[in-house]
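Structure first, then comments.
What follows draws every value from the coordinates through simple rules; no lab data is involved. From a predicted model like this one, the values you see are computed outputs, not experimental measurements. Because the Cβ atoms are built from the backbone with ideal geometry, glycine has one as well, and the counts that use them run over all protein chains shown.
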Amino acid sequence: MKKYIIPLFSLLLLITACSDDKYERLNEDPKNPESVPAGFLFSNATKSLSDQNANLNVNTNIFRFISQYLTATTYLDEPNYELRERNIPQNHWSVLYRNVLRDLKDAKEIVLENEDLLTQEEVDARAAQITVIEVYTWQFLVDTFGDIPYTEALAKDNYLPKYDDAAEIYEDLIMQLIAINSDFAGQGFSSQDLIYGGDMAKWQKFSNSLLLRLGARLINVNATLANDAIQAATTNGVMTSNDDNALFYYLDSPPNTNPIWEDVIQSGRNDYVAANTIVDYMNTLNDPRRMAYFDDNLSGYIGGIYGAESPYGSHTHLSDKMTDPSHPGILMDYAEVEFLLAQAAAEGVGGVSNAASHYENGITASITYWTGDSSLATTYLAQPGISYNAANWKELVGKQFWIAMFDNPMQGWYVWRKLNNPALNTAAQSGNPVPLRYTYPINEQNLNAANYEAGSAAIGGDDQQTPLFWDED
């Protein structure tokens with residue numbers, strides 16, 4: 001009889017083990033896995049960032065209104081800078097903190113734990129890619145609100161994070177980008193990299209171009225740090241052609257289409273037309289980018305009065321190019337880099353010289369990207385009133401930089417705030433001036449009141465007209 005006891009006991013153990021496995025599988029939620037690969041989190045965060053930067057859904061992003069590239073046909077709250085009705089600051093805040101920064105934090109932790117047994121170069125490269133998108137997102141938040149939760153923001157056990165000084169956040173972001181410059185030698189994310197497909201040389205240029213952007217913000221505010229950041233960026237290598245543009249490539253069919261297509265074509269709504277602000281400037285300059293930005297539904301280009309009702313059929317619309325489902329989202333491009341270099345050269349910062357050359361390169365890069373024809377840029381530059389002039393460089397650079405940022409509207413808003421150019425219109429219905437920042441989300445006032453009050457006081461009041469720390473002449 002004993003000879004049957006051991007086999008029987010083994011069979012019971014096997015049955016028990018199989019049952020445990022079975023019940024464990026039953027208890028797993030396939031839609032919410034305990035472990036998500038770092039590459040998936042990185043891709044998801046990058047898409048969320050691009051979507052938020054590109055979309056024109058008035059519930060989450062009104063930068064195309066604030067920069068006066070578009071206006072509305074009927075619903076006029078947003079072109080008149082009413083942010084609270086749709087809780088726009090909260091939606092913007094939540095997307096960047098929850099959908100972008102949280103995923104990036106988790107992705108970096110997984111990479112650094114290195115359970116996939118990557119080489120150290122591979123770990124460094126993937127962590128560097130994540131850092132670039134993290135820095136981009138933190139700057140996005142600072143440039144929208146000012147002081148924000150930073151050092152305590154993503155701690156899982158702290159639901160009441162303090163607000164950090166925006167200037168100190170900038171300094172930390174700059175140090176991070178300088179520190180990772182040597183980390184792009186290894187193989188980073190490739191198929192999960194929806195911007196450069198694993199081309200680490202281009203990631204390095206993107207990183208240094210972002211460093212240039214940060215440094216340029218600090219001109220006239222922190223000259224030493226601005227100088228150091230710009231010098232480091234140009235020494236280590238920034239974007240040098242449109243081939244280096246940081247673009248997020250959307251697809252032809254849902255759910256990975258450009259948000260503009262979703263908000264304009266898929267929705268079937270006729271809510272937006274070109275604003276007279278940009279159309280009038282471009283008409284005066286006979287700008288060849290009009291045919292890329294806008295359609296030709298009328299004889300000529302006619303913008304709606306900014307902030308007033310503008311019937312859809314009587315005004316110029318976004319072009320087929322802009323509303324194509326696969327139209328790429330622009331995170332940063334070579335044109336922006338050249339205009340930032342023109343700004344640095346004009347201000348005599350960072351060892352950058354020849355502002356005129358950088359200014360012309362920025363115009364040429366933008367026109368070539370949008371039209372595919374560099375000869376149009378040559379003709380455009382030969383027109384009266386466009387040639388660089390050091391005496392009124394802010395007006396010239398500001399206007400051309402702003403026109404070039406049409407499809408990266410957050411940067412268009414930066415140009416106007418930093419260079420005080422071009423002149424923008426007063427919102428027709430409300431008479432409100434252009435906001436200098438978003439007000440903080442309602443949830444912060446209700447759920448993080450003490451830190452909200454301290455943060456608001458530190459910046460001079462939670463008001464749309466409170467300037468950011470870098471918004472000085």
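Structure summary
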{"read-out": "Nearest-0.05 FRET efficiency for Gln464 and Ser353, computed from C-beta distance (R0 60 Å)", "value": "0.95"}
{"read-out": "Relative exposure of Trp203, Trp413, Trp261, judged by other C-beta atoms within 10 Å (fewest first)", "value": "Trp261, Trp203, Trp413"}
{"read-out": "Cα pair distances of region 242-378 binned at 10 Å [whole percent]", "value": "12, 31, 35, 18, 4, 0"}
{"read-out": "Neighbour-count ranking [beta-carbon atoms within 10 angstrom, fewest first] of Met322, Met239", "value": "Met322, Met239"}
{"read-out": "Whole-number D in µm²/s for region 263-305 (Stokes-Einstein; Kirkwood sum over Cα pairs; 4 °C, 1.567 mPa s)", "value": "115 µm²/s"}
{"read-out": "Loop-resident sites, region 406-473, for GluC sites (Glu not before Pro), counting at most 16 other Cβ within 10 Å (DSSP)", "value": "Glu472"}
{"read-out": "Between region 82-154 and region 388-410, the Cα center-to-center distance that results, in Å", "value": "29 Å"}
{"read-out": "FRET efficiency, Asn270 to Arg98 (Cβ-Cβ, R0 45 Å, nearest 0.05)", "value": "0.90"}
{"read-out": "Assigned charges on the beta-carbon of Lys, Arg, Asp, Glu; region 51-208 dipole about Cα centre (debye)", "value": "520 debye"}
{"read-out": "Computed helical MRE - 222 nm, the chain, DSSP H runs ≥ 4 contributing -39500 (n - 2.57), nearest 500", "value": "-15500 deg cm²/dmol"}
{"read-out": "Per-q log10 I(q)/I(0), region 344-444, q = 0.18, 0.21 Å⁻¹ (Debye; single scatterer per alpha-carbon; no solvent)", "value": "-0.95, -1.16"}
{"read-out": "Which of Ala153, Leu141, Leu117, positive extreme of dipole for region 115-189 (C-beta unit charges)", "value": "Leu141"}
{"read-out": "Gln187 paired with Ala201, simple spin-label distance in nm, labels 7 Å along Cα-to-beta-carbon", "value": "1.8 nm"}
{"read-out": "Residue order, fewest to most surrounding Cβ atoms within 10 angstrom, among Glu336, Glu395, Glu347", "value": "Glu395, Glu347, Glu336"}
{"read-out": "Linear extension gain, Ser430 paired with Ser299, 0.36 nm per residue minus alpha-carbon span", "value": "44.1 nm"}
{"read-out": "Over region 55-148: Kirkwood hydrodynamic radius from C-alpha pairwise inverse distances, Å", "value": "15.4 Å"}
{"read-out": "Relative pair counts by distance (%), Cα atoms of region 309-348, 5 Å bins", "value": "6, 16, 12, 13, 13, 13, 12, 10, 4, 1"}
{"read-out": "Inter-centroid distance (Cα atoms) of region 177-243 relative to region 318-354, Å", "value": "14 Å"}
{"read-out": "Charge-dipole axis of the chain as Lys and Arg at +1 and Asp and Glu at -1 on Cβ define it, positive-most pick from Ile169, Val95, Ile302", "value": "Ile302"}
{"read-out": "Check: region 369-443 dipole with +1 on Lys, Arg Cβ and -1 on Asp, Glu Cβ, in debye", "value": "300 debye"}
{"read-out": "q = 0.11 Å⁻¹: log10 I(q)/I(0) that the Debye formula gives for the chain, counting C-alpha atoms only", "value": "-0.90"}
